[in-house]
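Working notes, structure below.
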Amino acid sequence: MTFRWLPDPERYTHPHLSWLLQYAFDVVLGRMFRVDHDLPSGFRLPPGTLIVSNHLRDSDAPILGTLLYCREGVHMRGVLPFFAMREDLFQREAMANLLYACPWPLIHLLRLVPLRWLFGNVRTLPMRRVREFTWHDALREIVHIGLGACDPAEVFNARGVRELRSTLGTLPNRVDHINPWRMGALRVEVWGLRRLSLATLRKIAPDFRAAVDAQLKEMVCRLDAGHSLYFAPEGHISMDGSFGRIRAGTWRLGRATGEPLTMLPMTISYDPLGPGKTRSIVRMGQPLRDLDVHDTRKLARNVRQALIAGRVVTPSHLLAQFLSTHAAPFSARELADWLEQAKLAVQSAQLVLDPVFGHGSTQVLVAQRLDWLRRRRLVTCKLGAWQRRWDPSSPPGWLHASGMVRYLANAFADLAPGLARTLSA
């Protein structure tokens, strides 16, 4: 019997399982995020489209996926694209590496969780990236190319030897005698290649490049077969909120495809500094066609401009900017006046302003957001005077509220540096 809950079920290896996983992702994300978007009703991706987007959180790709396959009840109206995903998540011990801080018996159980099987059924493809190549990956690659019997002092550089000694105490005589599961957090440290000696890097390079070439070739085959592909041009999540440089994989895909490549920019913005579910705003830009994939600088400039122009300035961006630059006590009225001026400045700079600003008065928005910030201990109120309480030296990130303030302030300064300086003054 034809499986009617997915369009084009023949394009899936296991359509029933893929439907179940997509449905589960949609339900879970619906409980975590409130997604606003500007996709037209009934939108379907043209065949062979390369979707490019900024990369802020691990939730970016699942959010885009749930929008593109358009669930209506039990039916998926759109076709899920393929997703380029970091290679280490396809390894057998991926779950154990992600939750490395768990107790040791639980780590052994997590090593049995088959993430590769899971991701394979939601149309993901592995992509090896230098940054995410961890210590554990470097050890595995060294043994794979036949250097397992070598002395670690000959294989690793001074930094690598120093980190191994500080973690293990003493170095074993052979590289293949190093137990990665005794390395703790060091096992999952990124930039593993930076711990290797120059001679070792030269020996690894051919194997490393061959693996990347094979992965890109697989993605090109999918595009040429009429499938769509999601690809983050930055290559990794932005760690501080700024937009990173465009990596080589973007133009390498364009050069290898049989037909002229069409790129569809889709931007994601988040509004986390407020009550309720975290809001995410997805905007679709104009397709980029007739791109000169041989002019890498121009291609990177066009993709970057398209993605930066599509980002939305949310209330969280402006609140983060205010909290990061105003140390003096303020009233709710003063913050509301500042937000009104900031909204006009954002519109004058021809940036995209979050539609939520038009859903009610600024005073109500300020009252709701200040109450949330107070409960998260980012501000305090005494006798009607509000004072910021968060630590300005907090590192940017998504794990705690102070880190989100720093992250969003950096993102706003990266989006509109001149405007950020003006609002700070």
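The values are calculated or read from the model by the stated rules, or taken from the named source; none is laboratory data. Worth saying up front: this structure is predicted, and the values here are computed from it rather than measured. When we count neighbours, we look across all protein chains shown, and the Cβ atoms used for this are built from the backbone with ideal geometry, even at glycine. For accessibility, only protein heavy atoms count, side chains too; no ligands or nucleic acids. Shrake-Rupley method; radii C 1.70, N 1.55, O 1.52, S 1.80 Å.
Cβ-Cβ distances below 8 Å connect the following pairs, each with a first residue in the stretch 1-22 that is free of Cβ contacts under 8 Å to residues at least 24 places away in the same chain, a second residue that is open to solvent by 40 Å² or more (accessible area, probe 1.4 Å) and polar (S, T, N, Q), and a separation of six or more residues or different chains: Pro9/Thr2.
With respect to the conditions (1) of a type in the set (Gly, Ala, Ser); (2) in a helix (DSSP H, G or I); (3) open to solvent by 40 Å² or more (accessible area, probe 1.4 Å), Ser393 lacks only one, and its number is (2).
Would you check which residues across the stretch 1-56 are acidic (Asp, Glu) and either modelled with pLDDT of 90 or more or in a helix (DSSP H, G or I) (or both) and list them? Result: Glu10, Asp26, Asp36.
Residues are listed down the side, and each one gets a yes or a no for (1) among the acidic types (Asp, Glu); (2) open to solvent by 30 Å² or more (accessible area, probe 1.4 Å); (3) under 20 Å from Gly65 (Cα atoms):
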{"site": "Ile237", "(1), (2), (3)": "no, yes, yes"}
{"site": "Thr257", "(1), (2), (3)": "no, no, no"}
{"site": "Leu264", "(1), (2), (3)": "no, no, yes"}
{"site": "Asp271", "(1), (2), (3)": "yes, no, yes"}
{"site": "Met284", "(1), (2), (3)": "no, yes, yes"}
{"site": "Asp292", "(1), (2), (3)": "yes, yes, no"}
{"site": "Ile308", "(1), (2), (3)": "no, yes, no"}
{"site": "His326", "(1), (2), (3)": "no, yes, no"}
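Got a number for residues in the stretch 352-363 being open to solvent by 40 Å² or more (accessible area, probe 1.4 Å) and farther than 17 Å from Pro272 by Cα?
First pass over the stretch 352-363, keeping only residues open to solvent by 40 Å² or more (accessible area, probe 1.4 Å): 355, 358-361, 363.
Next, only the ones that are farther than 17 Å from Pro272 by Cα stay: 358-361, 363.
Of the residues in that region, 5 qualify.
Sort out which residues of the stretch 69-79 are within 25 Å of Pro260 (Cβ to Cβ), open to solvent by 10 Å² or more (accessible area, probe 1.4 Å) and not β-branched (Val, Ile, Thr), and write them in order of number.
Residues of the stretch 69-79 within 25 Å of Pro260 (Cβ to Cβ): 78-79.
When the remaining residues are screened for being open to solvent by 10 Å² or more (accessible area, probe 1.4 Å), the result is 79.
Result: no residue meets the conditions.
Only a single item in (1) touching a helix residue (DSSP H, G or I) at 6+ places or on another chain (Cβ under 8 Å); (2) open to solvent by 40 Å² or more (accessible area, probe 1.4 Å); (3) at pLDDT below 80; (4) not in a loop (DSSP other than H, G, I, E, B) is not met by Phe119, and it is number (2).
Residues in the stretch 351-372 that are in contact (Cβ under 8 Å) with a residue 60 or more places away in the chain and within 20 Å of Ala309 (Cβ to Cβ): Leu351, Val352, Asp354, Pro355, Val356. Of everything in the stretch 310-324 that is of a type in the set (Ser, Thr, Tyr) and open to solvent by less than 10 Å² (accessible area, probe 1.4 Å), the residue that is nearest to Met266 (Cα to Cα) is Thr314.
For first residues located in the stretch 161-179 and on the phi < 0 side of the Ramachandran plot, partners that are of a type in the set (Asp, Glu) and open to solvent by 40 Å² or more (accessible area, probe 1.4 Å) and lie 6+ apart or on another chain with Cβ distances below 7 Å form the pairs Asn173/Asp151. Only one entry of Ala96, Ala84 meets the criterion of being modelled with pLDDT under 75, at negative phi and either part of a helix (DSSP H, G or I) or surrounded by 20 or more Cβ atoms within 10 Å (Cβ to Cβ) (or both), and that entry is Ala96.
Of the residues in the stretch 319-342, none is in a helix (DSSP H, G or I) and touching an Asp or Glu at 6+ places or on another chain (Cβ under 9 Å).
Here Asp224 fits the description: more than 16 Å from the chain's Cα centre (by Cα), surrounded by fewer than 21 Cβ atoms within 10 Å (Cβ to Cβ) and touching a residue at least 60 places away in the same chain (Cβ under 8 Å).
In the stretch 339-349, of all residues being without any contact (Cβ under 8 Å) to a residue 60 or more places away in the chain and closer than 15 Å to Ser316 by Cα, the one that is least open to solvent (accessible area, probe 1.4 Å) corresponds to Leu339.
For the subset of the stretch 146-198 comprising residues that are of a type in the set (Lys, Arg) and touching a helix residue (DSSP H, G or I) at 6+ places or on another chain (Cβ under 9 Å), which member is most open to solvent (accessible area, probe 1.4 Å)? Outline the logic, then answer.
So in the stretch 146-198, the residues of a type in the set (Lys, Arg) come out as 159, 162, 165, 174, 182, 187, 194-195.
Cutting the leftovers down to touching a helix residue (DSSP H, G or I) at 6+ places or on another chain (Cβ under 9 Å) gives us 159, 174, 182, 187, 194-195.
Numbers: Arg159: 88, Arg174: 86, Arg182: 150, Arg187: 7, Arg194: 127, Arg195: 5 Å².
Looking at residues that are of a type in the set (Lys, Arg) and touching a helix residue (DSSP H, G or I) at 6+ places or on another chain (Cβ under 9 Å), I get Arg182.
Scanning the stretch 139-160 for residues that are more than 31 Å from the chain's Cα centre (by Cα) and assigned to a helix (DSSP H, G or I) yields a count of 5. Scan the stretch 320-331 and tell me whether some residue there is in contact with a Ser or Thr (Cβ under 6 Å, 6 or more places away or on another chain) and of a type outside the set (Gly, Ala, Ser). Checked the stretch 320-331: at least one residue is in contact with a Ser or Thr (Cβ under 6 Å, 6 or more places away or on another chain) and of a type outside the set (Gly, Ala, Ser). Within the stretch 188-198, the residues that satisfy the criterion of being within 14 Å of Glu141 (Cα to Cα) and either small (Gly, Ala, Ser) or part of a helix (DSSP H, G or I) (or both) are Gly192, Leu193, Arg194, Arg195, Ser197.
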